[in-house]
1. Once every DSSP H run of n ≥ 4 in the chain is given -39500 (n - 2.57) and the sum is divided by its residues, what mean residue ellipticity at 222 nm do you get, rounded to the nearest 500 deg cm²/dmol?
2. Ignoring ligands, DNA and RNA, what percent of the 1.4 Å accessible area of region 1-140 is carbon and sulfur?
3. Rounded to the nearest whole Å², what accessible area per residue is found for the chain with the 1.4 Å probe?
4. Which whole-number percentage describes the relative contact order of the chain, with Cα contacts under 8 Å and a sequence gap of 6 or more?
5. How far is helix 111-134 tilted off the main Cα axis of the chain, in degrees rounded to 10, range 0 to 90?
6. Within the chain, which is the longest segment that contains none of the GluC sites (Glu not before Pro) sitting in a DSSP loop with at most 12 other Cβ atoms within 10 Å?
7. Within region 133-167, which trypsin sites (Lys or Arg not before Pro) sit in a loop by DSSP and count at most 14 neighbouring Cβ atoms inside 10 Å?
8. Please report the antiparallel percentage of DSSP beta bridges with both residues in the chain, rounded to the nearest 5.
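The values are calculated or read from the model by the stated rules, or taken from the named source; none is laboratory data. Keep in mind it's a predicted model, so treat the numbers as computed, not measured. Positions of Cβ are generated from backbone atoms using ideal geometry, with glycine treated the same way; all protein chains shown enter the neighbour counts. Side chains included, ligands, DNA and RNA excluded: accessible areas come from the protein's heavy atoms. Shrake-Rupley method; radii C 1.70, N 1.55, O 1.52, S 1.80 Å.
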Amino acid sequence: MDTAWFLQILDREGRLLADAAEQAGVDAVVPPCPGWRVRDLLRHTGVVHRWAAGFVAEGHTAPRAMGEEPALDGPDLIAWYRASHRLLVDTLAGAPADVECYTFLPGAPSALAFWARRQAHETCVHRFDAEAARGGTPAPIGTDFAVDGIDELLRGFHARRRSQVRSEKPQLLRVRATDAEAVWTIRVSQDPPVTVRGEDADDGIGCELSGPAQQLYLALWNRVPVPDVSGDPALAELWREKSAVL
């Protein structure tokens, strides 16, 4: 996990998000986020940026609430978002590699690596939202980055007890990126999902979700349809209905 690589992506994605928001206008509807307009997207993402930067800059080792969303609108709101993004990038870039602060997903080699990765993916998904509001062709997502984001979602977010992906009957769901050597097997039961990399338990796979990593990444975050579903469609629907991150 290369922190500098994630920071470069975070820097790019935040700039693209702000540009798309400015082009769309703050009153534009955000299709992947029902009920949101671009102003809601900017306020939410900017608050998240400042919340994340605060943990690293101030060394908070316990969770804390996010700040209030600003009452700004129009060009002032876009400028505030750009400043929030810049604050986050500069904070992470200037932090010591061994900074100690709160994190909330397993697997990161350091707190700094965790926040660089988490905010890069947070910003990428919301950049896609802003570009959906603007219309036109969205910027591409690199295959390696998309694979990493799928891994973070499956083995990070959905490893937590708060994951809502549960099934009375134990089932196996496979996720396969067709343009990379990346496969995950997810055991869905009454407990939190358990995900392993690879084609574990070849027998008994109830459903497979597959496609190019970029499309699969966005599909698993419920931004676009899953490119290809084979096997039990009810298991794919279970994911779609229950996988929202809380």
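1. After summing the helix terms and dividing by the residues of the chain, the value is -16000 deg cm²/dmol.
2. Working: 3270 of 6200 Å².
That fraction is 53 percent.
3. On the way: 11210 Å² over 246 residues.
For the chain, the solvent-accessible area averages 46 Å² per residue.
4. On the way: 419 pairs, mean separation 44.9, N = 246.
Relative contact order, the chain: 18 percent.
5. Taking the Cα atoms of the chain, the angle to 111-134 is about 90 degrees.
6. 69-167
7. Answer by residue number: Arg160, Arg161, Arg162, Arg166.
8. Bridges in the chain that DSSP calls antiparallel: roughly 75 percent.
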